[in-house]
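Right, one structure below, let's go through it.
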Amino acid sequence: MSAFLGPIHHWLYGKIQFQEKWIQSILSSAKENAWGDLAEKLDADCGAADLRPLEDSIDQGNIHGWLQQKIHIEEARLAVLVTELLKEDATRIAQLEEISFHFGKNNAPEERLDASEAFQLLNNTLLDGMPCDHVNQLLENEKDIVVWQQTQCLHREFWEQAEGDAAVYYALRKRMIQGLLAESGLVFAGENGRFEIRKD
């Protein structure tokens, strides 16, 4: 990556901020449901989130390394938060899925998207490592259907470190994506690393 801030750095930081907003929605709902306040634990165990403007917070001398560190913090925060909540009560998964769905719906685009545009929305929104990781390989890219293969899972290590299960991450992410696309006339589906968005 360049030693100067450019569009790709702002794009990646936007994805980092989106994941933290998702985390904040879960933290807020956990307090409302009297599940406890895990905010301090996340800061202590994983590192604090930093939602300041990129120019005010980034290490200009190590842009790539700084962004990589922030991605790792966000991945760890989500994994620890969800795993801790489920350790207390595994049945909370259903509520966490609904929290994620409503978070997605509340952040859905106002304009109607075709499948190709919806895939780009996900690419602009969800954390899947650094651009150089090339995690998502497009297999089909049409207005009515997009199919892609995940070449590697960059999330599993964080969930294993938290003594959780990456399958939980994908279940919550699926519901969040379904929330994002709830009013779009599009369907998101997939398993085993192969996903698709298609016209309903």
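Would you be able to tell me the number of residues in the range 163-185 that are outside any helix (DSSP H, G or I) and out of contact with any Asp or Glu (no Cβ under 6 Å at 6 or more places or on another chain)? Show your work before the answer.
Within the range 163-185, the subset outside any helix (DSSP H, G or I) is 163-165, 181-185.
Filter once more, keeping what is out of contact with any Asp or Glu (no Cβ under 6 Å at 6 or more places or on another chain): 163-165, 181-184.
Matching residues across the range 163-185 total 7.
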Go through the residues of the range 131-146 one by one and say whether even a single one is open to solvent by less than 50 Å² (accessible area, probe 1.4 Å), out of contact with any Leu (no Cβ under 6 Å at 6 or more places or on another chain) and assigned to a loop (DSSP other than H, G, I, E, B).
yes
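For residues that are among the polar types (S, T, N, Q), in contact (Cβ under 8 Å) with a residue 60 or more places away in the chain and within 18 Å of Ile73 (Cα to Cα), scanning just the range 11-55, find the one that is surrounded by the fewest Cβ atoms within 10 Å (Cβ to Cβ). Show your work before the answer.
Of all residues in the range 11-55, those among the polar types (S, T, N, Q) come to 17, 19, 24-25, 28-29, 33.
The next check asks that each one be in contact (Cβ under 8 Å) with a residue 60 or more places away in the chain; those that pass are 19, 25, 29, 33.
Narrowing further to those that are within 18 Å of Ile73 (Cα to Cα): 19, 25.
On the way: Gln19: 20, Ser25: 18.
Per the stated criteria, the residue is Ser25.
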For Glu110, which of the numbered conditions (1) assigned to a loop (DSSP other than H, G, I, E, B); (2) surrounded by 13 or more Cβ atoms within 10 Å (Cβ to Cβ) fails to hold?
(2)
Lone unmet requirement of (1) outside any strand (DSSP E or B); (2) open to solvent by less than 50 Å² (accessible area, probe 1.4 Å); (3) modelled with pLDDT of 95 or more; (4) more than 20 Å from Lys105 (Cα to Cα) for Glu160:
(2)
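Here are Gln120, Gln150: which of them is closer than 30 Å to Gly47 by Cα, under 16 Å from the mean Cα position of the chain (by Cα) and free of Cβ contacts under 8 Å to residues at least 40 places away in the same chain?
On the way: Gln150 fails: free of Cβ contacts under 8 Å to residues at least 40 places away in the same chain.
Testing whether each residue is closer than 30 Å to Gly47 by Cα, under 16 Å from the mean Cα position of the chain (by Cα) and free of Cβ contacts under 8 Å to residues at least 40 places away in the same chain leaves just Gln120.
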Tally, over the range 171-193, of residues that are open to solvent by 50 Å² or more (accessible area, probe 1.4 Å) and either aromatic (Phe, Trp, Tyr) or at pLDDT below 95 (or both):
3
What single numbered condition from (1) open to solvent by 50 Å² or more (accessible area, probe 1.4 Å); (2) aliphatic (A, V, I, L, M); (3) under 16 Å from the mean Cα position of the chain (by Cα) fails to hold for Ile8?
(3)
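The values are calculated or read from the model by the stated rules, or taken from the named source; none is laboratory data. Since the model is a prediction, treat every value here as computed from it, not as a measurement. Using ideal geometry, Cβ is built from the backbone for each residue, glycine included, and neighbour counts are taken over all protein chains shown. Side chains are part of the model used for accessible areas, which takes the heavy atoms of the whole protein and leaves out ligands, DNA and RNA. Shrake-Rupley method; radii C 1.70, N 1.55, O 1.52, S 1.80 Å.
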